[in-house]
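Here's the structure, in structure tokens; my notes come after.
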Amino acid sequence: MATLKDFRDERLRKLSELRALGINPYPAASSRTHVVNDIVTLFDSLEGQHVSIVGRITSIRKFGKLAFVVIRDESGEVQLFWRAKEGLEANRAHSELLLSDIALLDSGDFIEASGPVIKTQTGEISIEVTGLRILTKSLRPMPSTQEGFTNKEERMRRRYVDMNVNRDVHDRFVRRSKFWQASRDFLNKRGFLEINVPVLEHTTGGADANPFVTHMDALGSDFYLRISHELPLKRLLGGGFEKVYDIGPRFRNENYSDEHLPEHVAMEWYWAYADWEQGMELMEDMFKTVLQATFGTLQFRLNGMEIDMEKPWERWDYAGVIRDHFGLEVFDCTIEQVQSKLKEHGLEVEKTENIARGIDKLWKKVRATVVGPIWLINTPAFISPLSKTDDKNPKVVQRFQAVIAGSELCNGFSELNDPLDQLNRFVEQQSMRDAGDDEAMMLDIDYIEMLEYGMPPACGLGYSERLFWVFEGVTAREGVPFPQLRQEIDETTKGLYPEVQL
């Protein structure tokens, strides 16, 4: 059986022959008048017209002085009808080939083909080749669709192959792009400004997460990779902006799971002079708009649940949910009672367990069964250190969490803007951090100073691309183009490049 080295050696031989003919197998320029899908969908208007297309060869069939070559670009596939013609010459300096050179081509090569749009005798829409150029000579064969490319580890490591062989993977990332574009369009149309905030921070905050640490040589100082966009965006509210958002990566130094990645893309918006009721109204509209633009529907089947995103959202009270499911009064319980309920329901009890984190674990057990869409509201203040307490009940905060198909998909707040209250909560969080809770928030004194200058009342919300993963029906690593993996170089690759230290 031929090995990868055998295939590569044969293609290297062809590469050498192409160069011996005076052909540059990797020219910089190409010419295209139409994408491939145009040839098929606009055939009636294009028939007989001379066109130029580009793409990757997916198959080659040669019959004497006639060949059929199928090429694919991002829009689709089309057949090339290529036959030998007397007296035809090729401009080798322009990387042109003749049918007699077809043995130098392989599936996976990129070419440019020009000629009239026709239908063959079998009725196949095709381009009759009058000119063909090589644009890229591939040295490794692409796995065929028939062979499949199913090993998950291999697919993750060579996602560019996965996208070629498994078209649904390619299309997934088209939808992912539409998801973020629809998010931007929705906010832009409502007067929000996209303002990018720093990724490197002296003090990171806005979430319960363990940060990555790096070092900036220019300042001789350690920095954290942001775990949230929150505090810099709220500084913008203090700076006079009224509607702001940012979309970009954030970093949380935690384990992989089906719903979490240490690096992922997220969006957060902040709206001055708005409260949580306005925030929930905005987000119900945003969910519908973004999901319709991304998937073309508002009806989903996720995790075995039928989800209707057009129906009215329910609102669930946090303390009521914990009471109904676990018999605990969240405002009048001890850490021992919380730990007992964690053990009773098979949940982990850590050495650094506290009431807030323990009750949150209990809620997450309930969350896994929620169909939704619902808003979880009236979260206890001790669980949400950056949120504004409710005027009618100071024990709870004006926080709203979207829960759909067992997942929390966004988090919104009426933002805390009382500097003394915020300082007290930061001090409490810092004490937890000093006691060993690496995910507790850091005391950010600069943020307190901003609040002392004054920040208007505001509502804010964030969601990550987990929202997309859930509705796409994939795990976190399947939902990003290039997930992080342990670096490994296989023995085949090492053998192909013996002169390189790998």
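Structural descriptor for the chain: relative contact order 12 percent, calculated from alpha carbon pairs under 8 angstrom and at least 6 residues apart.
Here the contact order of the stretch 4-136, divided by its residue count and restricted to Cα pairs under 8 Å and six or more residues apart, works out to 28 percent. Taking the Cα centre of the stretch 4-136 as reference, the dipole from Cβ charges on Lys and Arg (+1) and Asp and Glu (-1) amounts to some 420 debye. Between residue 49 and residue 475, the contour length at 0.36 nm per residue exceeds the alpha carbon distance by 148.8 nm. For a Förster distance of 22 Å, can you work out the FRET efficiency between the beta-carbons of residue 258 and residue 301, rounded to the nearest 0.05? Efficiency for this residue pair is about 0.80.
When the Cα atoms of the stretch 423-493 are aligned to their principal axes, the ranges along those axes come out at 60, 31, 19 Å in descending order.
Each residue of the stretch 285-297 was assigned a 3J(HN,Hα) from its phi angle through the Karplus curve 6.51 cos²θ - 1.76 cosθ + 1.60 (θ = phi - 60°); the sequence is 5, 5, 4, 4, 5, 5, 5, 5, 5, 7, 10, x, 7 Hz, with glycine and proline shown as x.
Normalised by 2.2 N^0.38 Å, where N is the number of residues, the alpha-carbon radius of gyration of the stretch 329-458 equals 1.13.
Each residue, residue 421 and residue 215, gets one label point 7 Å from its Cα in the Cβ direction; the gap between the two is 4.2 nm. Extent along the principal axes, Cα only, for the stretch 316-371: 32, 22, 16 Å, with the longest axis given first. To the nearest 10 degrees, how steeply does helix 355-367 sit against the main Cα axis of the chain, on a 0 to 90 scale? Long axis of 355-367 versus the principal axis of the chain: about 50 degrees.
Of the residues 212, 81, 187, the one whose Cα sits farthest toward the positive end of the charge dipole of the chain, with +1 on the Cβ of Lys and Arg and -1 on the Cβ of Asp and Glu, is 81. You can think of it this way: the chain between residue 500 and residue 189 has 106.7 nm of extra reach, that is 0.36 nm per residue less the Cα-Cα gap. Over the stretch 4-136, all Cα pairs binned in 10 Å intervals from 0 give whole-percent P(r) values of 12, 45, 34, 9, 1, listed from short to long.
The calculated FRET efficiency for the pair residue 5 and residue 392, based on their C-beta separation and a Förster distance of 56 Å, comes to about 0.15. Subtracting the Cα-Cα distance of residue 348 and residue 150 from their residue separation scaled by 0.36 nm leaves 67.8 nm.
With a cut-off of 13 Å on the backbone N, the residues of the stretch 227-255 near the modelled label site 7 Å out from residue 203 along Cα-Cβ are 231-232. For mean projected area of the Cα convex hull in nm², the candidate list reads [x] 33.3; [y] 31.4; [z] 23.4; the entry that matches the value derived from this model is [y].
When the Cα positions of 422, 231, 130 are compared along the charge dipole of the chain, 130 comes out farthest toward the positive end, with charges on each C-beta of Lys, Arg, Asp and Glu. Taken as Cα centroids, the stretch 296-336 and the stretch 1-26 sit 60 Å apart, rounded to the nearest whole angstrom. When both the stretch 448-495 and the stretch 83-118 are represented by their alpha-carbon centers, they are found 45 Å apart. Taking the C-alpha atoms only, the angle from helix 4-20 to the longest principal axis of the chain is near 60 degrees.
Counting only Cβ charges, +1 for Lys and Arg and -1 for Asp and Glu, the dipole size of the chain around its Cα centre is about 2020 debye.
Residues whose amide H lies under 5 Å from that of residue 464, counting only those 5 or more places away or on a different chain, are 267; hydrogens are built 1.01 Å from N in the peptide plane. Semi-axes of the equivalent ellipsoid for the stretch 327-406, computed as √(5λ) from the eigenvalues of its C-alpha gyration tensor and ordered from largest down, come to 21, 18, 10 Å. Near residue 456, once Lys and Arg are set to +1 and Asp and Glu to -1 for all other residues with Cβ below 15 Å from its Cβ, the sum equals -1.
Rounded to two decimals, the Cα-based Rg/Rh of the stretch 160-287, with Kirkwood Rh, is 1.02.
Between 453, 28, 443, the Cα set farthest toward the positive side of the dipole of the chain (charges on each charged residue's Cβ, about the Cα centre) is that of 28. With respect to the chain, whose longest principal axis is taken over its alpha-carbon atoms, helix 335-344 is tilted by about 40°.
Listed by chain and number, the lysines whose alpha-carbon sits under 22 Å from that of residue 351, ignoring those within fewer than 8 places in the same chain, are 341, 343, 361, 364, 365.
Per-residue Cβ neighbour counts within 10 Å put 34, 94 in the sequence 94, 34, beginning with the fewest.
Read the figures in this text as sums done on the coordinates, not as results from a lab. These numbers come from a predicted model, not from an experiment. No Cβ is skipped: glycine too gets one built from the backbone with ideal geometry, and neighbour counts run over all protein chains shown.
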